[in-house]
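Report on one structure; see the data block that follows.
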Amino acid sequence: DEHLEKTTDTADFGRARGDLARLQVTLGAAIPALRDALTSKNEVRIARAFSLLGRIVAFSRLSRNPELQKAIEPALETYLQGLNDTSPEIRQEVLARLDAIPIRRADIASALIKYLERSNPADEDRQRAVTARAAQAAFADSTPGMLDVLKPGIAVLAKALDSPDAEVREAAVRALGYIGSEARTTDDILRRLARNDSEATVRKTAENAIKAINGIAKMPPPPSPGGMGGRRL
């Protein structure tokens, strides 16, 4: 616990960067053990397992080595289960990382859609989920299968356009812009936001999304993902 508290993702990865083959072997042994730990009834043990999985998943952001990223994928599959956990702390930790993860983007987007479809998630959690989904949607054109995953979530994003939270509205608008012409059903709402939203950033993002949906211009790149970056979990 003290190590995770005081040591960043970047610092941890730096210790293993010089021997990625050995790191892959270690992950091959560690990930199944962490998966088994999640079956425990001990809440502290479960929380630790998710924290360690999150640290492993973060390594995918710090290296573009394809073999290492492949070795990390099973950790991500298990980590996404945290979106279903009863602990709000675990859900928030998972949501806070998913915008910056560069592997299995379609799987991440699908998991976030299912999360958002649930009834009445906490406002803070919804904001994180919509933001993470918008960050992943930015890769709709370059990630195989991503558009097919995003289309069923258009209704969820349309609902988020009425959120009282400006960050949720802006993230939902951005995600719709990345989806493009498939999101044309939201054009009227986006035009209303472009004219009348109380936040200038939402109005500007809505203008960009309208252009993207109607094929006039590409949606601008998203802000740099926040995730947990090099910070502690």
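The values are calculated or read from the model by the stated rules, or taken from the named source; none is laboratory data. None of these values were measured; they are calculated from a predicted model. Glycine also receives a Cβ, built like all others from the backbone with ideal geometry; neighbour counts cover every protein chain displayed. Calculation scope for accessible area: heavy atoms of the full protein, side chains included, ligands and nucleic acids excluded. Shrake-Rupley method; radii C 1.70, N 1.55, O 1.52, S 1.80 Å.
Of the accessible area of the chain, computed with a 1.4 Å probe over protein heavy atoms only, carbon and sulfur atoms account for 50 percent. Taking the square roots of 5 times each eigenvalue of the Cα gyration tensor of the chain, largest first, gives ellipsoid semi-axes of 33, 19, 15 Å.
Highest mean first, the peptides 27-33, 154-160 sorted by other C-beta atoms within 10 Å per residue fall in the order 154-160, 27-33. In terms of its C-alpha gyration tensor, the range 1-70 has an oblate overall shape, because the principal axis ratio a/c (a ≥ b ≥ c, square roots of the eigenvalues) is not below 1.5 and a/b does not outweigh b/c. Between the Cα long axis of helix 166-179 and the first principal axis of the chain there is an angle of about 90°, rounded to the nearest 10.
In terms of the mean number of neighbouring beta-carbon atoms within 10 Å, the peptides 129-137, 69-77 order highest first as 129-137, 69-77. Using the average count of surrounding beta-carbon atoms within 10 Å as a protection proxy, the listed peptides 189-198, 108-117 rank, highest first, as 108-117, 189-198.
Using a probe of 1.4 angstrom and keeping all protein chains present, the accessible surface of the range 1-122 works out to 51 square angstrom per residue.
Shown here are the Rg and Dmax of the Cα trace of the range 90-187, at 12.0, 36 Å.
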